[in-house]
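Peer 1: Here's a structure for you.
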Amino acid sequence: MGERMKQQVKLVVVIPVGALSTKNRYEHMVDTIESIQHYATPSHKIVLQDNSAPMHLGDRLLKEFPELDVVRAPLNYGLFGGLYKSLSLALLHIQSTYKFQVLMKMDTDALMTGPGIEDDAIRFFDGHPEVGEIGHRLYAGEGIKYPAQVIQREASMYGWLRDRERCATMRLYVQQAETNGYIVGEHVLGGTAIYHPELIERLVNRDMLLREELRRTMLQEDHLWGLLCYAVGLKVARFHIPEQPLAVVWKGLPCSPDELVKANAKIVHSTRYWQHLNEDQIRAFFRQRRRERREESNHARLPV
């Protein structure tokens, strides 16, 4: 498909949607989509990667939000390399359908809490042309212990005996990545990560998506994107509070909702809890702020 045929948008947001559970609730998915529609540039597209088979939550959400673009995995590929495989489907679709300036991956427990993050990200990428992925970068200590161990094991002699294809691919990518300055295990936390279109283009052109041997890895998908980003000759970089507007930690919120507002955080993760606050209370706090902003802007538009 020629570039002319692609739909031009400033921002694409991809949201992987898993099966419903006590933690993964439908109304929270709706709330996250509403937060994006409220704050994101009008020039945006939300792509749902529906991994909820046989629930087909994508169809249910499409009834509420007809402008969504739903990419459905034929079955739930599971965690680890399975998430890489289902996200590969979404990235291949996005690459062939849209001409975009920035791509953002948000989990369903992430929330957009302020306007302008796509412009902040574009500005950052423009100033750092060597960077392909930004967010909460982990490159030392406990944060990379697990992925470093998995990579070493899967690329070792033991890994070769267990799965030759996976081992050979892992060895090749690690070698390519290390020549570009990769620290084994380095990655950006996957709750929300932001990608430059050049990274997606290189992953597609070099056939690094939808690789069956990588589906068999015990790395999480965010660990894999870190490795692949370096393997194609780009780097990952920090884009996080207090200097930047992303506020992402693995579990719970990085600080209280009030402090996040003061820090001008524009995307937060995870909404699951903060100290004594539960997910419903956290989401209600930010929903109330959206309501107030809407009322203020409606008020401002009223003729005097």
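The values are calculated or read from the model by the stated rules, or taken from the named source; none is laboratory data. Since we're looking at a predicted model, the values are computed, not measured. Neighbour counts are summed over all protein chains in view; Cβ atoms, including those assigned to glycine, are modelled from backbone coordinates with ideal geometry. For the accessible areas, the whole protein counts, side chains as well, though only heavy atoms, and no ligand, DNA or RNA atoms are used. Shrake-Rupley method; radii C 1.70, N 1.55, O 1.52, S 1.80 Å.
Peer 1: Please list, ordered by first then second residue, the pairs with beta carbon atoms under 7 Å, 6 or more apart or interchain, first in the range 44-60 and under 22 Å from Q7 (Cβ atoms), second open to solvent by less than 40 Å² (accessible area, probe 1.4 Å) and of a type in the set (F, W, Y).
Peer 2: Listed by first residue and then by second, the contacts come to K45/Y98.
Peer 1: Working carefully through the options L91, L79, L75, L62, find the one that is open to solvent by 30 Å² or more (accessible area, probe 1.4 Å) and touching a helix residue (DSSP H, G or I) at 6+ places or on another chain (Cβ under 9 Å). Lay out the reasoning, then the answer.
Peer 2: Details: L91 fails: open to solvent by 30 Å² or more (accessible area, probe 1.4 Å); L75 fails: touching a helix residue (DSSP H, G or I) at 6+ places or on another chain (Cβ under 9 Å); L62 fails: touching a helix residue (DSSP H, G or I) at 6+ places or on another chain (Cβ under 9 Å).
Of the residues listed, the single one that is open to solvent by 30 Å² or more (accessible area, probe 1.4 Å) and touching a helix residue (DSSP H, G or I) at 6+ places or on another chain (Cβ under 9 Å) is L79.
Peer 1: Among the residues of the range 94-111 satisfying the criterion of being over 21 Å from H136 (Cα atoms) and β-branched (V, I, T), which is surrounded by the most Cβ atoms within 10 Å (Cβ to Cβ)? Please lay out each step first, then the result.
Peer 2: Pass one, the range 94-111, residues over 21 Å from H136 (Cα atoms): 94-100.
Then drop every residue that is not β-branched (V, I, T), which leaves 94, 97.
Numbers: I94: 24, T97: 18.
Applying the filter and picking the extreme gives I94.
Peer 1: Just checking, does the range 154-177 include any residue being touching a residue at least 60 places away in the same chain (Cβ under 8 Å) and over 25 Å from R211 (Cβ atoms)?
Peer 2: First pass over the range 154-177, keeping only residues touching a residue at least 60 places away in the same chain (Cβ under 8 Å): 154.
Filter once more, so that each one left must be over 25 Å from R211 (Cβ atoms): none.
The answer is no, given that none of the residues of the range 154-177 is touching a residue at least 60 places away in the same chain (Cβ under 8 Å) and over 25 Å from R211 (Cβ atoms).
Peer 1: Please go through the range 112-138 and pick out each residue that is crowded, with 16+ Cβ neighbours inside 10 Å and under 19 Å from A231 (Cα atoms).
Peer 2: F125, V131, G132, E133, I134, G135, R137, L138
Peer 1: Restricting attention to the range 264-304, and to residues there that are of a type in the set (A, V, I, L, M) and at pLDDT below 95, which single residue is least open to solvent (accessible area, probe 1.4 Å)? Write out each step before concluding.
Peer 2: First pass over the range 264-304, keeping only residues of a type in the set (A, V, I, L, M): 265, 267-268, 277, 282, 284, 300, 302, 304.
Filter again for at pLDDT below 95, leaving 300, 302, 304.
Numbers: A300: 83, L302: 107, V304: 191 Å².
Step by step, filter the range 264-304, then rank; the result is A300.
Peer 1: Out of (1) touching a Lys or Arg at 6+ places or on another chain (Cβ under 7 Å); (2) at pLDDT below 95; (3) not hydroxyl-bearing (S, T, Y), what's the single condition that is false for H38?
Peer 2: Here H38 meets the rest and fails (2).
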